[in-house]
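Working notes for the structure below.
The values are calculated or read from the model by the stated rules, or taken from the named source; none is laboratory data. As the structure is a prediction and not an experimental result, all values here were calculated from the model. Note that each Cβ is placed from the backbone with ideal geometry, even for glycine, and that neighbours are counted across all protein chains shown. When the accessible area is computed, the model is the full protein with side chains, heavy atoms only, and any ligands, DNA or RNA have been set aside. Shrake-Rupley method; radii C 1.70, N 1.55, O 1.52, S 1.80 Å.
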Amino acid sequence: MTSSSTPAPPLGTSPVLAEVVRSGFVEGRHRGSLVLLAADGSVELALGDIAAPVFPRSANKPMQAAAVLRAGLELSGERLALAAASHSGETFHLELVRKMIAEFGLHDGHLQTPPDLPYDPVEAEAYLASGQVRDRVTMNCSGKHAAMIAACALNGWPVESYLDPGHPLQRLVLEVVEEAAGERVAHVGTDGCGAPLMALSLTGLARAFRGFVLAEPGTAERAVADAMRAHPEYVAGTRRPDTWLMREMPGVLAKMGAEAVQAVALPDGRALAFKIDDGAGRATGPVLARALQLLGVDSPVLARIGEAPLLGGGLRVGEIRVAF
C-alpha cells in the first residue's frame, strides 16, 4: 500500500473506445483502456495500458462485501447483494438498508455516507416530488456501509472510525482486495461515499471478478458472487445494465463503478474490465456490449445494454458507437 501520488498516463495516449456521432458527424471521442481475459485467465485482448492502476470505484464492492463476511458478519441473499451494491434508491433498497441497520442494533446516524438523492433519476424525481430530502440511507452505497458498521459492532471495533484506512475492517478490506486481484494495491484514496478506495490495474480487477465466480462454494468470495447473481435488482436496480446482464444471463457477475469503470466475469472464468478515461458513463454501455461480444457472448441483452442514442429536438439523431 502506498499513499504517494501515482501519475496518470498522458492525455490522448489511450486508444479511442467509443465515438460520439451526431447527424453523421463525429463530434467527440472517448478514450480508455480495456482487458479481456480468456477462461484460463490469460490476456485475450489488451487495449491501452491494462497494467496501470485505476480507481475501480464501486467495482471494488464485491471485495469489500467479502471482507465483511471474513470479519464474521452473517449475511446472505438480498442482504449480501445489497452489501455489494450501488443501489438505485428504490423503495425496496431503502427499506432493506434500514432493516439491516436495525437488525444489528444500530441506527441511521451510524452511517457516514454523505446525504444524497436516489441514484436512479426516475427515483430521484419521485423522491423529491414526495417532499423528501437528501439522506444518508438514500445514498447508493448505504448497503455497503450498513454491512461495514454491522461488522464493526459484531467484532467490538470502533464504529465511529470505520472509514479510517487504518481501522481493522479497512485493513481486512485491503487484504481481501490484494488477494483477489493478485497484486499490491498501488494507491489508497477516498471514494465518493467516504470509504477507502484501493487502486488496481484493470488486469487485477478482471482477475478478481474471475476469481469470485470460480471460487469454491463455502468461501466468502463465492457467497458474494452467488448473492449478487441471485438478486441483481439489489446490486443495482430495476432500470440498470448490471441487473439486466445478471438477470438475463445466469451465472454472470457484473459491477459498474463511477467514472466509467466496469468489470464482468462469465461463469467459465472469462472476464473483462475497462475504464473510460474521461469518466463518461454514456460510453460504458456500447463498450461493454462490444467487449462481451469479443468474449464470445451472444445474447439479446447486449443490444439493450449497447443502445446509446443521441437526441436532437427530442428525436434520435445519432449514437455513441464503439471504435474497436
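Using R₀ = 41 Å, calculate the FRET efficiency as 1/(1 + (r/R₀)^6) where r is the Cβ-Cβ separation of Asp108 and Glu179; round to 0.05. Given R0 = 41 Å and the Cβ-Cβ separation, E is 0.80. Here the spin labels are modelled as points 7 Å beyond Cα on the Cα-Cβ line, and at Thr190 and Ala46 they lie 3.5 nm apart. Entry comment: accessible area of the range 45-178 is 39 Å² per residue, from protein heavy atoms only and a probe of 1.4 Å.
Accessible surface of the range 82-239, 1.4 Å probe: 52 percent of it comes from carbon and sulfur atoms.
The calculated 222 nm mean residue ellipticity attributable to helices in the chain amounts to -11000 deg cm²/dmol, summing -39500 (n - 2.57) over DSSP H runs of n ≥ 4 and dividing by all residues. Nearest 10 degrees is fine. How inclined is helix 284-294 to the longest principal axis of the chain, computing both from alpha carbons? The helix 284-294 is inclined about 70 degrees to the chain. Cross-link reach is defined here as a Cα-Cα straight distance under 24 Å, omitting same-chain residues fewer than 8 places apart; for Lys275 the lysines meeting it are Lys61, Lys144, Lys255.
A 1.4 Å probe, protein heavy atoms only, puts the accessible area of Ser201 near 10 Å². Stretching the chain fully between Glu319 and Asp278 yields a gain of 13.0 nm (0.36 nm per residue, less the alpha carbon separation). Figure note: Tyr127, Tyr234 ranked by solvent-accessible area, largest first, 1.4 Å probe, ligands and nucleic acids not counted: Tyr234, Tyr127.
Using a 10 angstrom Cβ neighbour count of at most 13 plus a DSSP loop assignment to flag exposed GluC sites (Glu not before Pro), which longest range of the chain is free of such sites? With a cap of 13 other Cβ atoms within 10 Å, the longest stretch comes to 161-306. Entry for the chain at q = 0.11, 0.14 Å⁻¹: log10 I(q)/I(0) = -0.66, -1.08, Debye formula applied to identical alpha-carbon scatterers, no solvent contribution.
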